[in-house]
Amino acid sequence: MARLQEKYIKEVKPALAETFKHANLMAVAKLEKIVVSMGIGDANQDKTKLETATKQLTQIVGQKAVVTHARKSVSNFKLREGMPVGVKVTLRGERMYEFLDRLISLAIPRVKDFRGLNPSGFDGRGNYNMGLVEQSVFPEIDPATITFTQGMNIAIQTSARTDAEAREMLKLLGMPFRSEN
């Protein structure tokens with residue numbers, strides 16, 4: 001069992017049940033999945049960028065990344081339906097907890113000029129979205145092998161019904177949110 005998953009079961013779940021007055025422990029919010037994605041704008045001109053991003057994302061999360069394709073044609077962006085536009089990985093279960101643990105304890109502290117995560121990144125249904133400017137904050141990536149910096153979006157989906165419950169759960173798991181004042 002992942003270290004963060006064990007913390008959730010032993011510490012976070014009982015604390016959330018007490019805070020939000022859940023009579024049944026099964027009603028307590030939990031993590032459902034984490035989607036890590038990279039949008040690569042130059043993917044149709046430069047195939048090596050797509051291959052490099054796929055390899056690096058696979059290294060970061062420990063699961064094979066999938067190439068995403070454009071759903072619609074957009075002439076202003078010189079984009080046709082079916083062209084590769086990015087890569088993504090959906091994490092569930094133990095891998096999800098391991099990735100979140102590495103994100104909280106290793107990657108986020110390595111971000112330059114970090115002042116805390118934006119507390120308004122919630123969508124109104126208990127899901128949290130955050131972005132990283134570069135992939136080099138993860139220790140799995142060797143900075144000497146980086147040919148281009150690539151940002152990524154991390155979407156954390158929870159079973160919480162409100163943003164307050166999801167924020168409290170993520171805070172108890174160790175997410176460093178900045179103060180809202």
Based on alpha-carbon positions alone, could you give the equivalent ellipsoid semi-axes of the stretch 2-64 from the gyration tensor, as √(5λ), descending, whole Å?
40, 13, 7
Going by C-beta contacts inside 10 Å, put T147, T54, T48, T90 in order with the fewest on the left.
T147, T48, T90, T54
Loop chymotrypsin sites (Phe, Trp or Tyr not before Pro), the stretch 75-128 (other Cβ atoms within 10 Å of the site Cβ: 14 or fewer; DSSP)
F114
extent check for the chain: Cα max minus min per principal axis, descending, whole Å, gives 55, 36, 36
At q = 0.19 Å⁻¹, work out log10 I(q)/I(0) for the stretch 76-181 with the Debye formula, treating every Cα as an identical point scatterer and leaving solvent out; two decimals please.
-1.09
Would you mind working out the magnitude of the charge dipole of the chain relative to its Cα centre, with +1 at each Lys and Arg C-beta and -1 at each Asp and Glu C-beta, to the nearest 20 Debye?
320
Using only the alpha-carbon atoms, how far is helix 47-61 inclined from the longest principal axis of the chain? Give it as 0 to 90 degrees, nearest 10.
20
Put in order of increasing Cβ neighbours within 10 Å, starting from the fewest, V35, V74, V137 give V74, V35, V137
Going through K49/K78; K47/K171; K30/K64; K21/K88; K33/K112; K55/K78 one by one, the pairs whose alpha carbons sit over 29 Å apart turn out to be K47/K171; K21/K88
Which trypsin sites (Lys or Arg not before Pro) in the stretch 149-181 pass both tests, a DSSP loop state and at most 12 other beta-carbon atoms within 10 Å?
R178
With a Förster distance of 41 angstrom and the Cβ-Cβ distance between F114 and L25, calculated FRET efficiency to the nearest 0.05 equals 0.75
When only DSSP loop residues count, what GluC sites (Glu not before Pro) in the stretch 151-181 have their Cβ near at most 10 other Cβ atoms within 10 Å?
E180
On Cα atoms only, tilt of 93-102 relative to the major axis of the chain in degrees:
80
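Each reported figure results from applying straightforward, stated rules to the coordinates on display, with no laboratory input. Note that this is a predicted model, so its numbers are computed, not measured. Neighbour counts are summed over all protein chains in view; Cβ atoms, including those assigned to glycine, are modelled from backbone coordinates with ideal geometry.
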